[in-house]
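As structure tokens, the structure follows; a few thoughts come after it.
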Amino acid sequence: MSTRRARSITAKVTEEEYVRLVERAGAQKISTWARETLLSALEPSGDHAVLAEVVAVRTILVNVLFAVANGQRLTADQMRALIDRADHEKRNKAIERLATMATGGAA
């Protein structure tokens, strides 16, 4: 049994934008393509996971380089704590970076 769609979302676009959207939709009806594209934006993508991992590696690297540049040696426990912290914070930091980029800020 299918769910009835009762709500609409509309947007004004230029003729050039419309042509680009139709091209992107390909053989699909543009309304079907637009709905699927909008709904897919609600789901986390693989890009988010990759960015989260890159952010975690960056956090670890920056902290290790800072310690080494200051003549410090990190113990195994300190490295584990650093990795745990980076893993714990990576998702939120990735979301913050994506939000900053979406609003035109520097990444």
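Each value in this text was obtained by applying a stated rule to the coordinates, not by laboratory testing. Please read these numbers as outputs of a predicted model, since none were measured by experiment. With ideal geometry, Cβ positions are generated from the backbone for all residues, glycine too; neighbour counts draw on all protein chains shown.
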What order, most packed first, do the peptides 78-88, 53-63 have when packing is the mean number of other Cβ atoms within 10 Å of each residue?
53-63, 78-88
Based on Cβ point charges of +1 for Lys and Arg and -1 for Asp and Glu, what charge dipole magnitude is obtained for the range 46-102 about its Cα centre, in debye rounded to the nearest 20?
120 debye
Listed residues VAL68, VAL19, VAL50, most fluctuating in the chain (Gaussian network, C-alpha, under 10 Å)
VAL19
Taking mean projected area of the Cα convex hull in nm² straight from the coordinates, which label in [x] 6.5; [y] 7.0; [z] 11.6 is the correct one?
[z]
Between SER2, ALA99, PHE66, whose Cα lies farthest towards the positive end of the dipole of the chain when Lys and Arg beta carbons carry +1 and Asp and Glu beta carbons carry -1, centred on the Cα centre?
SER2
